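Structure, as structure tokens:
The values are calculated or read from the model by the stated rules, or taken from the named source; none is laboratory data. Predicted model, so just to flag it, every value in this text is computed and none were measured. In this analysis, Cβ positions are derived from the backbone assuming ideal geometry, glycine residues included, and neighbour counts consider all displayed protein chains. In case anyone asks, the SASA skips ligands and DNA or RNA and just uses the protein heavy atoms, side chains included. Shrake-Rupley method; radii C 1.70, N 1.55, O 1.52, S 1.80 Å.
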Amino acid sequence: MAQPEYVEIAGRIAREIRSGDRAPGSRMESLSDMRTKHKVSDIVIRGAMDLLQRQGLVRSVRRKGFYVSDSPNLVRVSPERQMESAESTYETESTSKSEVDISRSRQTVPAPADLAEQFGVEPGTPLVHTVTRATASGRPASISDTYQLEGVTGIDDAATLEEIISDRVPDGVHADWLSLGAGELVKSVEQRFIGPNGLVMFSRVSYPADRYSAFVFRMALNT
């Protein structure tokens, strides 16, 4: 799934803030100037600034414009993050691309009963299992287990993203990657990408409990 223009522009500005190219408390250029610089519409620029505000990187001052936050925090925003690759997400959150390392391993496994029920298939049906490990700034940032039916190559058919966030004791593989002691908790996010015909992809991501200062979710309400 290609990420929207406003997410891409927000990512560029976020990296400038994280690297110090934009100093804390400094004033951002006007929306008009940003629109001209990036050669996009006003709607795209406003979307980028809205995302940066939700990430805690900029603040809006009435009648004065936007300013870089005095103390930018790491805030995980959904569902925009799901439109990015892991590389793009962590590069945005780091001061440089060289600080980010992503590794993936894939294998086909028989669906256990709980996942078979979610996908609406028989237990033992082949699932593609992907483990993604991310390191940022020399520290483990996350580890995820993702499952898809064989032959499903992406989430383009997904219409809904459901996320459940919880504090939990991770399994051994997740605990080992995050270098946790016995009984330590992680922030766990379960993601269900749902299409017209049912579940498209299931993922469970574990983050160090102190990585993000907040998790932001947004959904459209029908009027």
**Request:** Give just the number: which of (1) in contact (Cβ under 8 Å) with a residue 40 or more places away in the chain; (2) within 26 Å of Q53 (Cα to Cα) does L199 not satisfy?
**Result:** (2)
**Prompt:** What number goes with the only condition from (1) at pLDDT 95 or above; (2) outside any strand (DSSP E or B); (3) open to solvent by 30 Å² or more (accessible area, probe 1.4 Å); (4) in contact with a strand residue (DSSP E or B) (Cβ under 8 Å, 6 or more places away or on another chain) that V128 does not pass?
**Reply:** (2)
**Scan of the stretch 2-28 for residues that are within 18 Å of P72 (Cα to Cα) and among the acidic types (D, E), ordered by number** = E16, D21
**Item:** Given (1) in contact with a strand residue (DSSP E or B) (Cβ under 8 Å, 6 or more places away or on another chain); (2) closer than 16 Å to Q82 by Cβ; (3) outside any strand (DSSP E or B), number of the condition A220 does not satisfy
**Value:** (1)
**Fill in**
Note: among E184, E122, just one is touching a helix residue (DSSP H, G or I) at 6+ places or on another chain (Cβ under 8 Å), closer than 28 Å to A214 by Cβ, open to solvent by 70 Å² or more (accessible area, probe 1.4 Å) and not in a strand (DSSP E or B), namely E184
**Prompt:** Picking from S213, S206, S137, which residue would you name as being closer than 19 Å to V75 by Cα, of a type in the set (S, T, N, Q) and open to solvent by less than 40 Å² (accessible area, probe 1.4 Å)?
**Reply:** S206
**Complete:** Filtering helices (runs of 4 or more DSSP H) wholly in the stretch 9-112 for at least 2 residues that are within 15 Å of the chain's Cα centre (by Cα) gives 42-54, 86-93
**Request:** Give just the number: which of (1) in a helix (DSSP H, G or I); (2) open to solvent by 30 Å² or more (accessible area, probe 1.4 Å); (3) closer than 16 Å to S203 by Cβ; (4) charged (D, E, K, R) does E117 not satisfy?
**Result:** (3)
**Message:** For the stretch 40-58, which positions are at pLDDT 95 or above and of a type in the set (K, R)?
**Reply:** R46
**Prompt:** If the Cβ limit is 7 Å and pairs must be 6+ apart or interchain, which residue in the stretch 121-132 that is more than 17 Å from I143 (Cβ to Cβ) pairs with which residue that is surrounded by fewer than 16 Cβ atoms within 10 Å (Cβ to Cβ) and aromatic (F, W, Y)?
**Reply:** none
**Message:** Under 8 Å between Cβ atoms, which residue pairs at least 6 apart in sequence (or on different chains) link something in the stretch 147-164 that is more than 17 Å from S78 (Cα to Cα) with a partner that is modelled with pLDDT of 90 or more and exposed (fewer than 11 other Cβ atoms within 10 Å of the Cβ)?
**Reply:** E150/T108
